[in-house]
Amino acid sequence: MKFGPDNYNHEERCSQGHSSASTIATIEATLSADPDIDSSAIEVRMLGPVALLEGYITKPADREKAIALAAMIVGSENVQDRLLSHFPTQQPYPKMDQNG
């Protein structure tokens, strides 16, 4: 019994899956090893040869750093940034007391 497309044999499917898993692990390890970036809310997924960076960043510099680190592994043309900014909110005006 055969499963999946006929044009792929088992070795081709497994090597692609293992390759994606090892690439994801390498990118995640690189991100977590860098002390200048908070990568705790960044998820890495692979879509073919493209690394998708998804999740949240807490500093603007984290976006550039995460992209640069992933690009060192898969190449800059193979990194897609889907990171969302989750910056701490700041009050635009100082709070005033009830007297004005």
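A Förster radius of 25 Å combined with the Cβ-Cβ distance from A68 to A41 puts the calculated FRET efficiency at roughly 0.90. Computed from the alpha carbon positions, the gyration tensor of segment 28-81 leads to an equivalent ellipsoid with semi-axes of 17, 11, 10 Å, biggest first.
Read-outs throughout are calculated quantities, based only on the coordinates presented, and are distinct from any laboratory measurement. The structure displayed is predicted, hence computed values, not measured ones. All Cβ positions, glycine included, derive from the backbone under ideal geometry; neighbour counts span all protein chains shown.
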